Amino acid sequence: MTKILLIATLAMISLLYIFLGFMLVIGWRWIMKRAVKQAGKIIMTDSYQENLIELIPGFKHMGIQNALENNLRAETGDVLHRPFGSSKKWPHFEEITFIPAQTSPFPIDGDEDVDVKVTIGPKAKKPMKIKIPLMISGMAYGIALSEQVKIALATAAKNTGTAINSGEGGILPEELESAGKYILQFSKTEWGKEEKTIKRADMIELKLGQGATLGMGSNISPENLTGRAREVMGLKENETAHIMEHFFEKQTLKDLKELVDELRKMSGGVPIGAKIGAGGKIEDDIDHLIEIGVDFIAVDGGQGASVGAPPLLADDFGIPTLHAITRASNHLEKRKKKGDISLIVSGGLFTPGHFLKVLALGADAVYLGSVMLFTVSHKQTLNALPFEPPTQAVWNQGEFKDVFKTEDGAKSAEKFLTASTEEIKMALRAMGKKSLKELSKKDLVAYDELTAKMIGIPFSFEPWEDQSKKV
């Protein structure tokens, strides 16, 4: 009897679902028409001040991002900290293309190797030699990235024969063990300055500024800096982490020169350089860095990002990376320092085409930041999506950092660096070149006349021979 009742109940439920489905099939037009009619009536009859369509001109006038960010300001009353830098449209590298070799010279055979090795700080006692021109930029452990992600990136850098920058966070022992070539970012902090770390470094970078925050520091509360990172940074319980604006009180260029000399001595002669955000007086900044005796200069363009960059600094300071590389390279040439002082460039560089164009315009190597976060996390971003942003998989304070698989991240980042390098080699072969050293801005044209004039390369609409004589 119970079995019969159960079967009857299931049959009734099935019939009910079939009936509802049938009604939905035949009635969906009526339902939609009703909903559209009701919504349309409200939109077409409410006064503008009460109407939802007010959002359309409102967002057009202010911009959706500006409106949402202003609401966040209104909620907290505090400085906004926007990851991934500026979202404004800066002049970039899209209008520039390479000149192929097809008739004479001819392209290089695909099975021939292409030399893309790079030496940073050639005049230093111990220059840093890397196998590819792509390096992983300074992204801080604790302040930004989780332990798992830092180790994954260090492993990928070692496996591809390149270098990773420590960033201004704590120096993670496992990262040092996993890394091959290691760049110590000597920052305006109390941590990361142990003598053994300085002696371990293959290169040391004074962080004077960056593209998204320029030379400004920050204070990170205990609530926003938790876990093992605090121990690694030597912070006490409830102590705020301070990143300062200066290395010294009443800082002078003489102080910085003495610091460069001291680091060079302590490290045994590895390249000592400085990182700056590209600004309107970039030539003056370069002159000052030459004065303090650097072996390399890292320039971060206006598109550079940071985990906590205030929108005002990211959007309304600095100059585009395209302008920065052109001016910096030209000025080093003018000062007869090209080839003696290495030039590293970063900021808004996401594709092998971007990387190679920067190298053609005079950079010796490229720093990669944001693009590495998306590639190291790869499919692991699905841990966070669709209800949290993908960066929750990589941040030290991210909700999904503990499920991040370091080995998978290392493989993904390594594959991206390898694929990018192979594309660069293919592009060099297409230009008839066997070495990165043969590349220069003579291999470029621009299909935008202003860009061509600004950089000093031919405009693609006019005959190359006539244009090349002008530039």
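The values are calculated or read from the model by the stated rules, or taken from the named source; none is laboratory data. Predicted, not measured: the structure shown is a model, and the values here were computed from it. Note that each Cβ is placed from the backbone with ideal geometry, even for glycine, and that neighbours are counted across all protein chains shown. What goes into the accessible areas is simple: the full protein's heavy atoms, side chains included, and nothing from ligands, DNA or RNA. Shrake-Rupley method; radii C 1.70, N 1.55, O 1.52, S 1.80 Å.
Per atom type, segment 104-214 shows carbon and sulfur on 48% of its accessible surface, probed at 1.4 Å. In the chain, the longest principal axis of the Cα atoms and the axis of helix 2-45 are about 70 degrees apart.
Restricted to Cα atoms, segment 137-248 shows a radius of gyration and a Dmax of 13.4, 40 angstrom. The label point for K33 and the one for D113, both projected 7 Å from the Cα toward the Cβ, are 7.5 nm apart. Counting only protein heavy atoms and using a 1.4 Å probe, the accessible area of F98 comes to about 50 Å².
Just so you know, the Cα atoms of segment 220-322 work out to an Rg and Dmax of 16.7, 44 Å. Helix 253-267 and the longest principal axis of the C-alpha atoms of the chain enclose an angle of approximately 90°.
So which aspartates and glutamates pass the test for K401, namely a Cα distance under 19 Å, with those fewer than 8 places away in the same chain ruled out? Correct list for K401: E147, E174, E175, E223, E231, E388. Helix 64-76 and the longest principal axis of the Cα set of the chain meet at an angle near 90°. Out of all Cα-Cα pairs in segment 108-202, roughly what percent, to the nearest whole number, are more than 23 Å apart? Considering segment 108-202, 28 percent of its Cα-Cα pairs are separated by more than 23 Å. Rolling a 1.4 Å probe over the heavy atoms of the protein chains gives the chain an accessible area of 54 Å² per residue.
Across q = 0.27, 0.28, 0.31 Å⁻¹, segment 84-131 modelled as identical point scatterers on its alpha-carbon atoms has Debye log10 I(q)/I(0) values of -0.99, -1.03, -1.14, in the order of the q list. A Förster distance of 41 Å, applied to the separation of the beta-carbon atoms of T226 and K199, puts the FRET efficiency at 0.85. Mind scanning K199/K265; K125/K181; K207/K334 and naming the pairs with a C-alpha gap bigger than 20 Å? From the list (K199/K265; K125/K181; K207/K334), the Cα-Cα distance tops 20 Å for K207/K334.
Note on the chain: with charges restricted to the Cβ of Lys and Arg (+1) and Asp and Glu (-1), its dipole about the Cα centre is near 720 debye. Scaled against 2.2 N^0.38 Å for its residue count N, the alpha carbon radius of gyration of segment 52-159 is 1.80.
A full extension of the chain between K257 and K41 corresponds to an added length of 70.5 nm, given 0.36 nm per residue minus the alpha carbon distance. Shape index of the chain: Rg/Rh, with Rg the Cα radius of gyration and Rh the Kirkwood radius from the inverse mean 1/r over Cα pairs, equals 1.09.
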